[in-house]
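> Quick one: this structure, given as structure tokens, is what I'll be asking you about.
All of the numbers you see were taken from the coordinates with simple rules; none came from a lab. From a predicted model like this one, the values you see are computed outputs, not experimental measurements. Counting neighbours? That spans all protein chains shown, and the Cβs are built from the backbone with ideal geometry, glycine included.
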């Protein structure tokens, strides 16, 4: 008898005397009966609990695969109070820093048994940010990691979901949220001091966009480092983080007769800058020394290999996840900024200025 249902719907799967209609959702109890274990054991395997004998875990996983069992995350969340999901909001997947930080977040979250939901913001506008948080509020997440300029939360009049933990990357929002930031200022000081020690009278700066916290933190540290030792502070050139903008700024910088050293706010702009100097007849490092910021994997393959400030994106991503999960698990709200150290990587793009005497 088919009860009015077609043959596919009424087809049965049998094992160990158990009959299951393939049309209905396979339950945890079904898996338990097939595997010969308790429903509690199935739950522990489903949640990745370490306290399960490996042979039992293998048997339960095999039963899940055979029956097509998928854990009901919504029901599990209602029971445990956790969705085991972290939302990540960011402006762009085009920048190397965001991509590498996001990769580290995903890897670290997976190691803790959490998934991530990524919501890119099309444009850093009030409506764009508000729309992203509206979408996130409709999803089931335990926490949010922001890879964006946090001041836009205020102008967008964002209402965060109640009880959701927020941690921010690279921001000055330490008084309101927990922040994990690369030590932008110290990395910049290392770059500028390296060039001054080589004998350069001053250091020009190719900065990132003025709306970027990282760009402004690096520009402020560049200026302060020069002022501390009484050196002239040249006018800033700006780019948008891209190699193209670095090339355009480089053509302008190449016209300056006093140019002997440039600190670029990221490696991509440094790449464009080096090409512009070459096209303008200025050799790197014989005529102009160049330092970048990021230490991209390709930086050692630039021509010449680029001296740059190393950012540990993997460590930033790991600390973001650690910070957010500690708050989720302990039920606390933390603020303040945690800095990830940077270091200067010296390669062949820097040298003594042309007029400097030999050491």
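> On full extension of the chain, what length is gained from residue 330 through residue 66, given 0.36 nm per residue of separation minus the C-alpha to C-alpha distance?
91.3 nm
> May I ask you to compute the full-extension gain from residue 107 to residue 255, defined as 0.36 nm times their residue separation minus their alpha-carbon distance, rounded to one decimal in nm?
Once the chain is fully extended between residue 107 and residue 255, it gains 48.7 nm.
> Assuming 0.36 nm per residue, please report the length gained on full extension of the stretch residue 55 to residue 140 beyond their Cα-Cα distance.
Length gained between residue 55 and residue 140: 27.3 nm.
> Sticking with this one: Let me know the shape class of segment 184-312, please: from the alpha-carbon gyration tensor, a ≥ b ≥ c as square roots of the eigenvalues, rounded when a/c is under 1.5, otherwise prolate if a/b is greater than b/c, or oblate.
Rounded, because the longest to shortest axis ratio a/c is under 1.5.
> Treat each spin label as a single point 7 Å out from the Cα along the C-beta direction, and report the residue 279 to residue 303 distance in nm.
Calculated label separation equals 1.6 nm.
> To the nearest 0.05, what FRET efficiency results for residue 338 and residue 232 with a Förster distance of 25 Å applied to their C-beta separation?
Numbers: r = 35 Å, r/R0 = 1.40.
The computed FRET efficiency comes out at 0.10.
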